[in-house]
Every structure is written in C-alpha cells, then in structure tokens.
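Notes to accompany the following structure.
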Amino acid sequence: MGTLPRGRTSGDKLTPLEITRATRATRVTKNADSDLPNHFAKPTVRKLWKSGGTMTPERHLTADFERAAFLVDLSNVVRARPLGGRAGRSLHRLRLVADAAATLARDPDVQLYLVADRSLRLGGRHEWADPAEAQQLGRWVRLGLVEELGDADERILELCEMTGIPVISGDYFRDARLAYRWIQGNTDDFLRPAPGPGGTVVLEPRDMGIASARDISRKLEESDLKQKGLLDRRRKPLSEVVRRNWRCPEPRCTLYDTERGSFALLPRMRGGVPRCEQHGGRLLDAGPRTATAQLKLLVDGELRERFTLEDGTTVRVGRAPGPGGIPLHGLVPAERAAGLSRAHVELRIAGGTIHVRDLSTYGTRRRTTARRTGPDPWTPLMPGRDHGFHGGDELELVRGVVLARSGRRFPTELAQRWLSHRPPQEPDSSTTTYV
C-alpha cells in the first residue's frame, strides 16, 4: 500500500478513504541502488507522449496488477490493422483501446496491464507508423510499464487465470487450449477490440468457442507451445498464488516484495513453482496477502470517487454513516443526498466475498453488468437480508447515484468460479466450431 496518513502507525486500522488515499500516494522506489536491469525498473514518472499530433496517455499504463482493470495483449492490438491505419504496427491503436476501456469501465483513469512479445519491439522496425513509436515502446519496457517476454501468450493467460482480470485481444489462443483448458467455451474473460463509429474502437465480449482436437493440433504445428506446468496434478487454482506475498531470496531484489517496493509483480510459475523472473531462484512465501476490492461511486454515469475495501471488514455507506464508514455527503448533489439514509447500505467482506445489506428508508436496487447481453434490469434489495455483491455488480442508492464494484474478483471468488467451471465437451468432427 502507499504512505500511511499522518499520525497513523502500521498497526492502526485504516478507514476505506484512508486506504484509498494511501494506495494512490506516490512512494519512492527503494531499489534505486539495485543491480536490476532497466526492464524491471519501477515506474515513478508518468507523462503524456506526443507523436504526430496523437496523445498516448501513459497514465492508463500500470505495472501493478492490483490496479489493473484489463490485461492487454499489446502485440495483438498494435498489429491489428482493422483498428485503424495502414501501418503494420501502430501505438495509435493502443490509444483507441485505452479510450474504449475507459468508456467500458466508466472510469477516465482506467488502468491497463500490458504484455508484449519481444519481437514487437525488436523486429519489423520498418512496419511502424512512426519510427519514434518503437523507441517509445522501448522506454515503456525500461520503465516497467510493459512486461516483455519471448512469448506473451502464456503470460497473458497465466495472469488472467491468477487474477480474473479480463483480457483485451483479438486472439482465440487456440494453440494454448491444451495447457489452459478453461479457455474452451469461455464467455467471460476475453474482450475483442473492434472498429467503432467515427474511427473509435469498442470492446466486445468474446465467445471463445470450442476448438476441436484437430484445430488445436493444427495450431500447435504453427507455433511453439511451451508447457510451463501452470497447474499441478490436482489442478490447483492459480488464485492460490495471488493470496500469498512472495519475496526473492536475493536480498536486493524487490520485484515481489510488497513491503519494500512500490508495487509487487506476480511470480512466474515454472514447473509448478513460483520463481523470480530476474534471478531464477525459488520465491519464498512471505505470508498471506490481504485481499482488497475496489468500489466506484458514479453520479449520472460519471466517476466521482473510488474506495478500497479490505477483506475482513464491515463498512457502512451513506450520507453520514459514522466512524469507519464511507460518507457520500459532498460527493453527491444536495438534491440527491436528501434521498440517502445516514447509513444507506452495509458492506461486509468475509472470506473474500462481499455481502450487502440494505439499511435505507427508501430502498436500494441492484443489477449485474457482467452479462454478454448487457446489464440486467434493476431489482430491489430485500431490506435486512444479506445479498451477494459480485464483480461487475451495481447498487443504485438513489436515482442516478450508483455504487459499482470493479470487475476484479477476490482470489476466493476466482477459485470458487474456477472450481465450478467445467470446460465443454469437445464436439465431434461434424459439429461446427469457432476457432
């Protein structure tokens, strides 16, 4: 987390507002004297880069998976000619995708975690719309804003399985379906960037379909599928990795250390063992990681504030909910605030699951926005009873005032969903498949 509020110690319990502000606070990176290469440098400065009159906002890029709302298959996006332009590679397409992600998330400061093949930067320099873009990509890699690997696909899928963060990509990942069987029939975790009106881009939920054994084999022949043993023989969910803090046995390495670094990378799994990407050693278990969830306050569809909740807490939200609560007075127009109860709803986070209870006078409505067919209709909450508040759900406190939960899931929720997921049976040869 970030810097503690003045007068607070590490043993004090912080309010959701203090947690949010601490998370946002800029911290000095403590590996300045480290021998780590630039590829693993912690980003401390974010600017707007201008090339050819087009602004690419680095403020949307993050190296911290806990802040990321989407994973971006950068190589796929940058090479996608249908998104605009004739060049083989263009960072302008990333800007369009960032705009689309902000629109979809209704968050102007939406954060993206970028993963790219090394060949995107080092090969095909003549394909870039502007030679300066290749240099810009290299700078992002050095700042740690792009995770660059020989084969990005495996890392993208590994991160998606670990965290539940949706992937933005036009790829069907057919060649990875033997190692990642959860892709078969998946309709929840992938978004396809597609051309929109007026030269924009929209993000469409993608049905990954079911690839037959023949289709998979054909794709395997076209690429080098590197099996990394991401699941053990008992098919243990990778969300277990996210539940733990890790540290490298190399004393000066802070890549995975949540205490000394400004953010912590997720480990790479090699042979079922988490290892340091830089030093290769087996990472040491540093104890459980406190799970957090993000809430967003929307007024007439516009983001007003973010709040961070920690597992094991109970928080009341309302006009003036009292100590430890989230007060909305001052964030909501006065005429709307009159319809809010002092303590409107109570959120209880236990075991990685959020429960909401309506305490209001005039009622609260809930809906989910995570369906491929669009948001569900609003339904009233039954007062005095606990209801699940899942990733992508929204609560309407009064007209136009919405408390939305980020689509990110707690590791517990991710594990429960993973355990309940059964990949569809492979169709026979006579069945049409989508690959």
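Values quoted throughout were computed directly from the atomic coordinates according to the rules given, and no laboratory measurement underlies them. Not measured: the values here are computed from a predicted model. Here the Cβ positions follow ideal geometry from the backbone for every residue, glycine too, while neighbour counts run over all protein chains shown.
A few remarks follow.
- With a simple spin-label model that places each label point 7 Å from the Cα along the Cα-to-Cβ direction, the separation between residue 279 and residue 139 comes to 3.2 nm.
- For region 169-183, putting each phi into the Karplus relation 6.51 cos²θ - 1.76 cosθ + 1.60 with θ = phi - 60° gives couplings of 6, x, 8, 8, 6, 5, 6, 9, 7, 6, 7, 10, 5, 5, 5 Hz, in residue order, rounded to whole numbers and with x for Gly and Pro.
- Exposure proxy ranking for 246, 378, based on other Cβ atoms within 10 angstrom of each Cβ and starting from the fewest, stands as 378, 246.
- Listed from fewest to most Cβ neighbours within 10 Å, the set 308, 369, 379 follows the order 379, 369, 308.
- Distance in nm between pseudo-label sites at residue 119 and residue 310 (7 Å out along the Cβ direction from Cα): 4.6 nm
- Listed values for region 327-334 are Karplus-derived 3J(HN,Hα) couplings in whole Hz (6.51 cos²θ - 1.76 cosθ + 1.60, θ = phi - 60°), namely x, 9, 4, x, 9, 10, x, 4, and x replaces Gly and Pro.
- Region 171-211 and region 286-308 have Cα centres lying 26 Å from one another.
- When region 292-409 is described by a simple charge dipole with +1 on each Lys and Arg Cβ and -1 on each Asp and Glu Cβ, the residue from 325, 404, 315 located farthest towards its positive end is 404.
- Fewest-first ranking of 169, 360, 119, using other Cβ atoms within 10 Å as the exposure measure: 119, 360, 169
- In this simple spin-label approximation, residue 361 and residue 342 carry label points 7 Å from Cα along the Cα→Cβ vector, and these lie 1.1 nm apart.
- Multiplying the residue separation of residue 320 and residue 302 by 0.36 nm and subtracting their alpha-carbon distance yields 4.3 nm.
- Orientation-averaged projected area, Cα convex hull of region 292-409 (nm²): 6.8 nm²
- In region 292-409, Cα pairs under 8 Å separated by at least six residues give a relative contact order of 26 percent.
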